[in-house]
Structures are given as structure tokens and as C-alpha cells.
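To start, the structure under review is shown below, and the notes come after it.
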Amino acid sequence: MYKIIASRMIVPNMHILTIEAPVIARQVQAGQFIILRAEEEGERIPLSVSDWDRARGTITTIFMNIGSTTSRLSQLASGSFIPTVVGPLGNASEIEHFGTVLLIGGCYGIGSLYPVARAMKEKGNRVLVVIEARSSYLFFWEDRYRVLVDKLLHITRDGSKGLKGHIGRIPEILTALDEPVHRVLINGCTFCLKRGSDATRELGIKTVVDLNPIMIDGTGMCGVCRVSVGGMTKFACVQGPEFDGHEVDWAELAQRRKSYMAEEVIPLRTSKCEEHAHQSEEVS
Amino acid sequence: MTEKKVLDLIRREMPKQPPEVRKFNFNEVAFGYSEELAVEEAKRCIQCKKAHCVQNCPVEIDIPAFIQCVADRNFAEGIRIIKQKNCLPAICGRVCPQEDQCEKVCTLVKKEGQLAIGRIERFLADWEARQGHVDMPEIPEWTGKKVAVIGGGPAGLTVAGDLILRGHKVTIFEALHKLGGVLVYGIPEFRLPKAIVNREVDYLKSLGVEVYTDFVVGKTQTMDSLLEEYDAAFVGSGAGLPWFMEIPGENLNGVYSANEYLTRLNLMKGYLFPTYHTPIKAHKRVAVVGGGNVAMDCARSALRLGAESRIVYRRSREELPARMEEIENAEEEGVIFDFLTLPLRYNGDASGWVKEMIVQKMELGEPDASGRRRPVPIEGSEVAVPVDAVVCAIGNSPNPLIGSTTPGLLLGKKGNIEADEETGKTSRDKIWAGGDVVTGAATVILAMGAGRKAANSIHEYLMGGDGE
Ligand SMILES: Cc1cc2nc3c(=O)[nH]c(=O)nc-3n(C[C@H](O)[C@H](O)[C@H](O)COP(=O)(O)OP(=O)(O)OC[C@H]3O[C@@H](n4cnc5c(N)ncnc54)[C@H](O)[C@@H]3O)c2cc1C
Ligand code: SF4
């Protein structure tokens with residue numbers, strides 16, 4: 001059993017959970033994830049690790065409250081216990097001295113991007129961060145980013161902060177920057193990853209995405225997380241979750257993620273971005 | 001023995017749920033022998049002086065001795081004899097391929113009346129469970145040594161059971177949230193009720209075996225860092241990496257690996273959705289590709305979930321690698337068999353779900369390396385079979401997580417860990433391995449046999465020998 005140390009809504013519909021898991025806290029690195037079950041009858045769901053405290057033996061994750069498991073998770077009070085937390089799973093983010101990196105986080109991805117920004121900074125990169133949400137009240141951890149990174153930019157669907165629109169505006173941001181960017185890295189919902197990758201393709205900037213397919217065991221045993229990357233089938237849980245965004249077969253991934261929608265157990269890490277984007281495109 | 005007994009060559013059948021009933025439920029298919037049937041069957045044993053059955057048992061159970069106990073109605077002694085050599089009798093009595101092991105060489109097999117050793121073993125284990133009291137063996141004083149066991153499948157459980165009884169401290173590290181390996185995530189409830197696996201696991205825990213679930217060795221901690229704490233380690237991590245055929249359309253929705261299909265169903269109890277929260281689709285027409293036990297389990301599960309279910313196999317019935325009993329069960333229940341049929345590709349609908357499989361008919365040609373006749377395609381025989389789900393059950397290889405994070409651990413071509421057949425020793429000091437991770441997908445009893453040998457070798461090493 002794993003103890004919930006802290007649990008609260010961080011912005012509407014977005015939850016932050018800190019769990020006592022000392023062995024995982026000792027090992028985890030930027031870009032890795034855990035799999036947990038909220039209760040004995042529960043599903044196993046993957047969640048990116050957004051922060052950790054090695055000394056206190058805790059890990060922190062941020063998720064959107066959208067499926068049955070996440071809504072149950074969000075109702076758990078501090079001090080309660082959950083039966084399964086396993087990790088750290090997946091490969092760590094590729095962190096090197098690249099030069100200037102542009103990190104983009106949407107929705108819960110604002111959380112999981114944070115350790116990547118920290119590690120990139122530690123390696124001496126110039127780190128530019130773009131965070132993206134429907135409206136300014138959905139941003140979180142801005143203060144943490146502000147003290148960490150070289151530049152923090154915003155995109156909101158409603159224009160309440162920063163650029164108006166969605167991740168499709170990345171090329172404009174890149175042009176306005178007036179400095180070369182050596183690598184782009186995106187965390188967020190599938191829509192965000194895809195649109196971001198589309199936007200950088202023509203610019204020829206290497207773009208790394210943190211994929212989020214459905215998973216069960218997270219160790220390469222079931223293969224439900226398979227994705228086509230560069231024409232090859234990969235298991236995201238053990239060969240990812242980071243892949244080259246220009247090589248991913250997005251249509252297939254989007255379809256595979258929808259396979260259990262009908263069962264109402266909407267897989268985690270879905271957001272309404274796509275819908276909202278269409279709406280905002282229709283009005284504009 | 002002076003009087004010569006008349007040979008009774010009639011194997012007593014085990015009562016089962018009738019096929020038209022069981023194909024709609026997940027309850028165990030076979031009920032097991034009644035006391036009377038077990039005793040009758042046991043009395044057929046001729047108590048061979050040179051018992052071939054024992055020689056062909058990977059864990060060398062004293063078969064004639066426990067059979068005699070049943071004939072004498074001394075059930076308590078019977079189960080005690082089995083447990084001296086086999087810590088998982090209720091499981092082995094159900095899923096071991098006895099027809100390839102003890103029963104294959106039973107003296108009575110020549111007259112086709114081989115004793116139903118597995119059924120009697122199962123009877124004894126179930127009899128003991130019904131008594132509600134399990135005899136606890138004595139645990140010797142702690143030797144001061146600690147052993148890490150990686151993987152909680154049959155191989156790991158055997159090593160843990162053997163070593164704890166010799167006074168070592170044992171810790172099992174298991175990636176999933178439950179112990180049992182394939183016994184809990186793969187083999188379905190109707191063939192092996194999970195309550196039975198849990199009972200055997202609880203027994204091991206009650207002996208003092210320490211268990212860490214949710215612990216992926218190679219990720220949560222590496223082998224080398226575990227070995228800073230433990231005097232020896234046994235790797236029994238199984239063959240859990242699913243193969244796909246690498247044909248077009250395999251990533252369509254509705255195409256599963258057998259592991260995914262069975263894990264949703266068994267480990268996550270998808271057949272009890274929504275009481276349990278992991279969904280499994282109620283498909284209408286399911287095709288299972290493959291012909292082994294795994295394929296039979298998938299096809300029979302699909303049937304129970306309400307689908308028309310078919311096995312698609314590229315050779316003929318004779319070559320099916322599954323146990324005969326399971327093939328017959330599947331046939332009785334109405335699974336359709338498409339023999340000499342090879343899937344070429346899958347076509348999907350507009351929303352990315354599989355809607356048909358294109359297959360090619362085969363015919364048997366010359367024998368191949370395995371001695372089985374090689375299936376050769378018949379040109380122009382392609383047909384489309386409408387399906388809404390495909391389960392790929394063509395095999396598994398060992399998961400590379402441990403191999404790739406343990407420097408110096410010698411691996412074979414298919415990613416299996418190289419280990420000595422007699423001792424389980426690997427190329428690395430202090431590391432032993434056994435079961436499917438060494439042999440590739442095999443059987444429960446072979447995994448247990450490998451565990452037994454490794455446990456002996458580890459014990460010797462810990463007590464100051466060289467483990468040879
Ligand atoms: C569907 C199906 C039906 C079968 N039917 C039969 C049958 O009727 N009769 C029969 O004899 N055999 C059958 N088999 C085969 C049999 O189950 C296996 O041969 C046997 O379970 C192998 O035992 P094992 O201990 O080597 O591995 P497994 O049972 O595979 O156990 C390995 C365990 O190690 C864990 N693990 C893996 N990697 C790690 C890691 N890095 N860290 C920690 N833990 C890890 C896994 O999660 C798993 O629990 C069947 C197999 C399947 C899949
Ligand atoms: S070989 Fe058959 S008949 Fe002989 S002892 Fe074994 S079970 Fe009995």
C-alpha cells in the first residue's frame with residue numbers, strides 16, 4: 001500500500017497528488033512515469049511523474065480529472081492508501097547540452113514538463129518554456145518555472161494571457177524569438193503533441209514528444225501501447241515514452257487511444273483540447 | 001505380492017460442466033474427482049518397482065507412494081508426500097501436461113490405461129484445502145543468508161519455497177501487483193481458479209517469504225544494486241514479451257496480443273466489468289491466431305464473452321501444440337478451427353477498427369527442421385474472413401528489461417538468459433535463472449523443475465560449496 005501524502009485540486013479539473021514511494025523517488029528521472037491503481041478493483045493507469053523529493057521519499061503527479069480512475073483518485077484524501085504504484089517506468093528523457101531548447105507543456109503537461117526543464121537547465125541549456133491552456137486561470141506552477149527557466153511564454157485559447165490560440169502558433173513564437181532553437185520537446189495531450197509536431201516539421205527542428213497511449217502493465221508485456229514510429233511498431237512503455245514527433249503515426253495513435261471510449265472508462269491523459277481548438281477555429 | 005491382480009485399464013473420467021453450460025460461464029470446467037472416483041482410480045496403480053512415472057516427473061514426486069495412500073484412503077499422508085517435492089499441487093494437478101510427463105511413461109500406457117496421476121494429485125490438494133487446516137512444516141533457524149527471487153511465477157515460487165525451508169531469508173520481487181506470473185495473468189479462471197493460486201501464494205507467505213509486488217527489477221532497482229543487499233539472486237522473470245506477425249493492419253483497434261487479452265480478463269478481471277474497472281470489449285467475431293495452450297485459452301475466453309470464436313492455425317490438427325484435453329474442450333464448446341490457414345493482413349473500418357482478416361490457405365509439404373510437415377501456401381487461395389477482433393497468440397520471448405540492465409549476464413539469441421541446465425547458474429556470479437526466461441515459453445512444471453535445481457545449487461553455494 002502506498003500512502004497519499006497530499007492531494008488537492010491545483011486548478012479546475014486538474015489534480016496534484018503526492019505519494020510516498022521511496023524506492024521510486026530514489027530512482028526516478030525526468031520523462032519517466034508510474035502506473036497506479038486507485039483501489040483493489042481498479043484499472044492500472046499510467047501517469048507522468050511531475051516532481052519528486054528523494055530525501056522525503058515522495059513523488060508527485062498531476063492529472064486531469066476525466067475518467068473513472070482519475071475521478072476516484074482525486075477524491076482520495078491525504079493519509080489514505082492506494083494499492084499499486086509501480087515505477088519508475090519508461091526511459092528517461094534524453095537530456096544533453098543541446099544549446100537552446102524550447103519546451104512546450106499543455107494541460108497536465110505543464111506539470112510533467114517541469115523535471116525536464118530542470119534537467120535541461122542543469123545540463124547548461126538555454127531553456128525557453130511555452131505553457132498552453134484554455135484560459136489563464138488554468139495555468140499552474142508559473143512561479144516555479146519563472147525562477148528556473150530563461151523565458152516563459154503563454155498561449156491561451158481565449159487570449160486571456162499571452163498569445164491567443166493554440167499550439168499551432170508555435171512557428172510565430174519561434175520566428176519572434178530571433179534566436180536559433182536546437183530542439184523542441186512537447187508534453188501534453190495527443191492533440192497538442194501532434195499539432196506541435198506538425199508546426200515544427202517544416203522548420204526542420206528536431207521535436208521530441210512524450211507519448212501517452214493506453215497501457216496496462218507498463219513493462220512491455222501486453223503490447224497495448226504499441227505505436228508506429230518511422231514505420232516501425234514500438235512499445236511506448238519500454239521503448240518510449242519519448243519519440244521523434246515527426247515520425248509518429250498520429251492518426252493511428254489517436255484511433256488506438258479512443259478504443260475504449262465507448263466503455264466510459266476514458267483513458268487518462270485525454271483532454272478536450274481538440275474540441276476546444278475546433279471551436280476556436282470556427283469562431284476565428 | 002503373491003496374488004496377481006486383474007488389470008483395470010479404464011481411466012476414470014473427471015466430471016465436468018457440460019459444454020453447453022460452461023461455454024457461458026467462467027467457472028472451472030472440471031469439478032475434480034469425488035473421493036470414490038479418486039480411490040477407484042488409485043487402486044488401478046500396479047505399484048511398479050521401477051516406477052517410470054517418477055523418473056519423468058521434473059520434480060520427482062514419489063508418485064506410487066502417494067497413489068497408494070489414496071487407495072488406502074490415507075489422504076493426509078498422500079498430500080504430505082506430494083508436498084515434499086511439489087509446493088503447488090493444486091496448480092500442477094490442473095495445468096501440468098501429465099500426458100507428456102508422468103502419464104506418458106506409466107507402465108499402463110502400453111495398454112492405453114495410463115493412470116490419471118494429475119487428477120489424483122488435484123484431488124489430494126483440493127481435499128487438503130477442504131480440511132481448512134494446512135500442516136505447517138518446521139522452518140529451520142536462519143542461516144544468516146538472504147536470497148532475492150525476481151518474478152513470482154512458478155519458477156520463482158518454487159525457489160522461494162525450497163530456500164525458506166532451508167533456513168534462508170527469501171524476498172520475491174514481482175513487477176505486477178499480484179504473485180503467480182502466468183498463473184494469474186494468463187491462464188483463465190475456468191481452467192485455474194485464481195483462489196487456488198492465491199491460496200498457494202498465501203501458504204508461501206505464511207512460511208515467511210517476504211514479497212514486494214509493484215517492483216520492476218531493472219527499473220525500480222537494478223540486479224546489481226539488489227546484490228549489494230542479497231547473497232544470491234534467482235531470475236524467474238518468464239517469457240512475457242509478445243510476438244506479433246508483423247503483417248499489415250496489426251495496429252488496428254481490436255487486434256490484441258494474447259497477453260493483453262488475457263491480462264485484461266484474468267489479472268484485471270475484465271469479465272467482471274464494471275465491478276472491476278478494466279474493460280474488455282464484447283466482440284462478436286473473434287479470430288485467435290496460433291495453436292498452443294495460449295491460443296486455446298484466448299478462444300475459449302472469447303466464447304465465454306459471447307463471441308463466435310475461431311482458431312486460425314497454419315498447420316493441421318495433428319500439429320496443434322496445445323494439450324489434447326484443451327483442444328477437445330475447445331471443440332466441445334464450439335470453437336471453430338480453421339486449419340491450414342495463414343493470416344496475411346487485416347483491414348479496418350473508417351474508425352480504425354479491424355473488420356476483416358485476409359487469409360491464405362496452406363497445404364502440408366515436406367517435413368521441416370522440427371520434423372513437422374511444413375505448411376506451404378496455395379496460390380490464389382486468399383479469402384476475407386469478417387472479424388471484429390483478432391488475438392495474436394503466436395508466442396512470446398523473454399522481456400529484455402533485466403538482461404539489458406545487468407552487465408555481464410550472457411543472453412541467447414532470442415533474449416533468453418543463458419543458464420546451466422543442471423544448476424541454473426548464469427554467467428554472472430551470484431545470479432541463477434530458470435523457467436521460461438531461460439527456455440522460452442514452456443510449461444509450469446518445467447519452470448518448477450528448473451527452480452528446484454537452482455534452489456539446490458543456491459543452497460549449496462550459500463552453505464560454502466561452489467554450487468555445482
Ligand atoms: C495463457 C497461457 C496458458 C498456459 N497454459 C499452460 C498449461 O496449461 N500448462 C502448463 O504447464 N503451462 C502452461 N503455460 C505456460 C506456463 O504458464 C509457463 O511456462 C510458466 O508459467 C513459466 O513460469 P515462470 O516462473 O518461468 O514465468 P512466469 O509465469 O511468466 O512468471 C514470471 C513473473 O516474473 C515477473 N517479472 C517479469 N519481469 C520482471 C522484472 N523485471 N521484475 C520483477 N518481476 C518480473 C512477471 O510479471 C511474472 O509474474 C501457459 C502459458 C500461458 C501464457
Ligand atoms: S508407472 Fe503408472 S502404474 Fe507404475 S507406479 Fe507409476 S502410476 Fe503406478
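Each value in this text was obtained by applying a stated rule to the coordinates, not by laboratory testing. Since the model is a prediction, treat every value here as computed from it, not as a measurement. In this analysis, Cβ positions are derived from the backbone assuming ideal geometry, glycine residues included, and neighbour counts consider all displayed protein chains.
For chain A, what is the calculated [θ] at 222 nm in deg cm²/dmol (nearest 500), taking -39500 (n - 2.57) for each run of four or more DSSP H residues and dividing by its residue count?
Estimated from H runs of four or more residues: -7500 deg cm²/dmol.
If one takes the longest principal axis of the Cα atoms in chain A, at what angle in degrees, from 0 to 90 and to the nearest 10, does the Cα axis of helix A:273-283 lie?
That works out to roughly 40 degrees.
What distance in nm separates the simple spin-label points at B:GLU332 and B:GLU141, each placed 7 Å from Cα in the Cβ direction?
A separation of 5.5 nm, rounded to one decimal place.
Antiparallel as a % of all DSSP beta bridges within region B:244-394, to the nearest 5?
Roughly 50 percent of the beta bridges in region B:244-394 run antiparallel, per DSSP.
So what's the net charge close to B:ARG304: Lys and Arg +1, Asp and Glu -1, counting the other residues with Cβ under 11 Å from its Cβ?
With Lys, Arg at +1 and Asp, Glu at -1, the net is 0.
State, as an integer percentage, the relative contact order of chain B based on alpha-carbon contacts under 8 Å between residues 6 or more apart.
15
To the nearest whole number, what is the average tally of beta carbon atoms from other chains within 10 Å of the beta carbons of peptide A:237-247?
1
Name the trypsin sites (Lys or Arg not before Pro) in region A:31-112 that are in a loop by DSSP and that have at most 13 other C-beta atoms within 10 Å, would you?
A:ARG54, A:ARG56
Any idea what the relative contact order of region B:372-468 is, in percent, if you count C-alpha pairs under 8 Å spaced at least 6 apart?
19
Given the Cα-Cα distance of B:ARG80 and B:GLU99 and 0.36 nm per residue of separation, how much length would full extension add, in nm?
4.5 nm
Counting partner chain Cβ atoms within 10 Å of every residue's Cβ in B:61-70, what's the average?
Across the residues of B:61-70, the mean count of other-chain Cβ atoms within 10 Å is 0.
Averaged over A:219-232, how many beta carbons belonging to a partner chain fall within 10 Å of each residue's beta carbon?
Neighbouring Cβ atoms belonging to other protein chains average 6 per residue here.
Show me the ranking of peptides B:255-262, A:152-159 by mean Cβ neighbours inside 10 Å, starting with the highest.
Averaged packing, sorted descending, gives the order B:255-262, A:152-159.
Loop-only GluC sites (Glu not before Pro) in region B:1-100, please: DSSP not H, G, I, E or B, and at most 10 other Cβ atoms within 10 Å.
B:GLU3
Give me the percent of DSSP beta bridges within the protein assembly as shown that run antiparallel, rounded to the nearest 5.
50
Within 13 Å, Cβ to Cβ, of B:MET223, how many net charges do the neighbouring residues add up to if Lys/Arg are +1 and Asp/Glu are -1?
Spelling it out: positives minus negatives among the neighbours equals -1.
Name the trypsin sites (Lys or Arg not before Pro) in region B:1-76 that are in a loop by DSSP and that have at most 14 other C-beta atoms within 10 Å, would you?
In loop regions of region B:1-76 (DSSP not H, G, I, E or B), the sparsely surrounded trypsin sites (Lys or Arg not before Pro) are B:LYS4, B:LYS5, B:LYS49, B:LYS50, B:ARG73.
What distance in nm lies between label points placed 7 Å from Cα along the C-beta direction at A:SER136 and B:THR275?
My value for the distance between the label points is 5.2 nm.
Under the Karplus relation 6.51 cos²θ - 1.76 cosθ + 1.60, θ = phi - 60°, what is the ordered set of whole-Hz ³J(HN,Hα) values for region A:67-83, x standing for Gly and Pro?
Couplings: x, 5, 5, 5, 5, 5, 4, 5, 8, 6, 7, 4, x, 8, 10, 10, x Hz.
What percent do you get for the relative contact order of region A:212-262 when only Cα pairs under 8 Å and 6+ apart count?
The value is 34 percent.
Around A:ASP53, with a cut-off of 12 angstrom between Cβ atoms, what is the net charge of the other residues, counting Lys and Arg +1 and Asp and Glu -1?
+1
Please report the antiparallel percentage of the DSSP beta bridges confined to chain A, to the nearest 5.
In chain A, approximately 60 percent of DSSP beta bridges are antiparallel ones.
Select from B:VAL235, B:ILE61, A:PHE191 the residue farthest towards the positive end of the dipole of the protein assembly as shown; place +1 on Cβ of Lys and Arg, -1 on Cβ of Asp and Glu, and compute about the Cα centre.
Among B:VAL235, B:ILE61, A:PHE191, the one farthest towards the positive end of the dipole of the protein assembly as shown is A:PHE191.
Divide by every residue of chain B the summed helix terms, -39500 (n - 2.57) for each DSSP H run of at least 4, and state the resulting mean residue ellipticity at 222 nm, rounded to the nearest 500 deg cm²/dmol.
When only DSSP H runs of four or more count, the value is -9000 deg cm²/dmol.
Go ahead and set up a Gaussian network model of chain A, Cα springs under 10 Å, then flag whichever of A:ILE35, A:ILE95, A:ILE167 fluctuates most.
A:ILE95
Angle check, please: helix A:190-201 long axis (alpha carbons) against the longest principal axis of chain A (alpha carbons), in degrees 0 to 90, nearest 10.
30
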